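Values in this text are rule-based calculations from the coordinates and carry no lab data. In this text, all values refer to a predicted model and were calculated from it rather than measured experimentally. As a convention, Cβ positions derive from the backbone with ideal geometry for all residues, glycine included, and neighbour counts pool all protein chains shown.
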Amino acid sequence: MTPLFSTAPVTDRVADGQSAVPVLELDRAARTYPGPPPIDALKPTTLVVAAGDYVAITGPSGSGKSTLLNLMGLLDRPTSGRVIVDGIDTSALSERDRTAMRGRRIGFVFQAFHLMPHRSAAENVALAGLYQKIPAHVRRNAAQEALALVGLVHRADALPTQLSGGERQRVAIARALATRPSLLLCDEPTGNLDTVATGALLDVLDDLNTRLGTTLLVITHDLSVAARSHRHISIRDGVLVPAD
């Protein structure tokens, strides 16, 4: 069976022309919430995330992290500027096309695991492709491969209640990977984990980035989590700045 995931380093895949454009670009993207008074939650922002990047964004509550996440994940539209995913300007897309692009190209990992409690780990992962009308046998194969990537293929039949918090979050990562997205967008992925589980999860993310070239963007309050990234950016009052 042909693997669903390429194991070639990202530099090789770029050289082969598989990823010639950035995965994500914010081109002076801004978001203002109407008032009164209006709130400039995100000032005009430019950011480029290339294939194989591992970027961490930190900032205090109210700094604009959630607004930034919603724009990068195509959950919201900028008031001005553009969000470009895999070279496609999303500003002109209909909501239906944006939803389809989000499902195909962006994998989400949240602080809460959002697993179906009465479905096995493999079934939870396979659900990722359900709404894309991927055939069941392809979804099952993708689920097994994704669980192998996070070191949990031996727990494929376990229910979420039989898994530790760290294992549940790894299942959530596998689910995000199952549709082979261009970008893995992680929002406080270690927020519900203890120190040991956090370290193990970060090892998984490191491996995905180093071995497979998975493009990672992690939003976190935890500076020790951000320290594992290759590029650390801070957001303050809706403005992105280099981290101290």
ask   = Using the Karplus equation 6.51 cos²θ - 1.76 cosθ + 1.60 (θ = phi - 60°), what ³J(HN,Hα) coupling, rounded to whole Hz, does each residue of the range 74-81 give in order, writing x for Gly and Pro?
value = 6, 7, 8, 9, x, 5, 8, x
inquiry  = Just to be sure I understand: with springs between alpha-carbon atoms less than 10 Å apart, which residue in PRO189, PRO117, PRO36 has the highest mean-square fluctuation in the Gaussian network model of the chain?
reply    = PRO36
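Under a Cβ-Cβ cut-off of 10 Å, what is the net charge of the residues other than ALA126 that fall near it, where Lys and Arg count +1 and Asp and Glu count -1? Before the final figure, lay out the partial values.
Numbers: positive: ARG119, ARG139, ARG140, ARG175; negative: GLU123.
Its environment carries a net charge of +3.
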ask   = Which distance in Å, rounded to a whole number, links the C-alpha centroids of the range 48-65 and the range 196-244?
value = 8
task = Return, for the Cα atoms of the range 160-223, the radius of gyration and Dmax in Å, separated by a comma.
result = 11.5, 31
ask   = How big is the gap, in Å, between the Cα center of the range 71-137 and the Cα center of the range 20-42?
value = 19
task = Counting only C-alpha contacts under 8 Å and six or more residues apart, can you give the relative contact order of the range 75-170 as a whole percent?
result = 25
query = Expressed as an acute angle from 0 to 90° and rounded to the nearest 10, what is the orientation of the C-alpha long axis of helix 95-105 relative to the principal long axis of the chain?
reply = 50
key: In degrees, nearest ten, helix 195-212 long axis to first principal axis of the chain (Cα)   = 90
request  = Calculate the radius of gyration of the Cα atoms of the chain to one decimal place, then report Dmax, the largest Cα-Cα distance, as a whole number, both in Å.
outcome  = 17.7, 59
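Given a cut-off of under 8 Å on Cα pairs at least six residues apart, what relative contact order in percent is computed for the range 93-244? Please report the intermediate quantities before stating the final value.
Working: 206 pairs, mean separation 39.6, N = 152.
Reported relative contact order: 26 percent.
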